[in-house]
């Protein structure tokens with residue numbers, strides 16, 4: 001019973017390139033959350049998606065960032081024209097239904113993006 | 001706007017003693033609080049939670065206390081073990097927020113022999 005799978009684990013991009021981060025939720029989970037952790041900080045909410053729908057993107061930067069969760073396949077967080085300030089750990093979490101449930105939701109191991 | 005604050009970035013405790021981690025929040029709409037534990041290069045893992053209708057929740061060595069009037073919660077770990085060395089995050093959620101979590105900055109706990 002695989003957990004939340006994120007890939008790649010590490011991603012290096014040059015300034016101006018695009019970064020694509022993938023998240024496969026746990027089996028049977030149709031709700032995905034993306035969080036970002038900047039160095040020396042806590043996790044910050046970015047976006048909440050259900051299959052084919054963005055429910056809450058209040059934490060997403062207005063430009064260059066987008067997210068999707070198609071009917072088939074993983075959720076994708078896309079960062080266009082990356083800058084050094086995008087260097088962070090990006091975590092995905094999934095839940096079977098909207099909300100936290102008794103035990104919170106399950107996080108993946110994250111993708112560490114480094115912009116050089 | 002930091003709505004969840006963990007003012008102690010680090011804590012060192014001797015094995016077998018009690019670890020006490022503190023967390024303060026400012027948003028009175030928060031009604032569910034969680035503690036996550038995080039090892040380096042891994043995602044956060046759920047540790048324990050508490051609803052705002054309770055003031056204490058206990059699970060084995062871990063107890064979380066909630067003081068709503070002070071907007072303060074704490075996590076007690078007793079006895080502390082070397083495997084408890086990790087970063088601990090306090091997180092909070094409001095009922096109408098789709099499960100969106102606000103995290104504190106974390107407290108690095110080091111358990112020494």
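Quick notes on this one:
- Candidates B:14, B:81, B:102, ranked by Gaussian network fluctuation over chain B, Cα under 10 Å, top entry: B:14
- Whole-Å distance, taken between Cα centres, linking segment B:45-109 and segment A:1-34: 26
- The three principal axes of the C-alpha atoms in segment A:1-75 carry coordinate ranges of 35, 25, 25 Å, sorted with the longest axis first.
- Max mean-square fluctuation residue, GNM over chain A, Cα-Cα springs under 10 Å, options A:85, A:59, A:98: A:85
- Restricting the calculation to Cα atoms, every distinct pair contributes to the Kirkwood radius of segment B:28-74, found to be 11.6 Å.
- Largest mean-square fluctuation among B:77, B:53, B:18, in a Gaussian network model of chain B whose springs join Cα atoms under 10 Å apart, belongs to B:53.
- Cα-based values for the protein assembly as shown, radius of gyration first and Dmax second, are 17.6, 51 Å.
- Of the residues A:29, A:10, the one with the fewest other Cβ atoms within 10 Å heads the list, and the complete ranking is A:10, A:29.
- Solution diffusion estimate, µm²/s, Stokes-Einstein, chain B, Kirkwood Rh from C-alpha pairs, 25 °C, viscosity 0.890 mPa s: 174
None of the figures in this text is laboratory data; all of them are computed from the coordinates on show. Not measured: the values here are computed from a predicted model. A quick note on method: Cβ atoms are made from the backbone with ideal geometry, for glycine too, and the neighbour counts reach across all protein chains shown.
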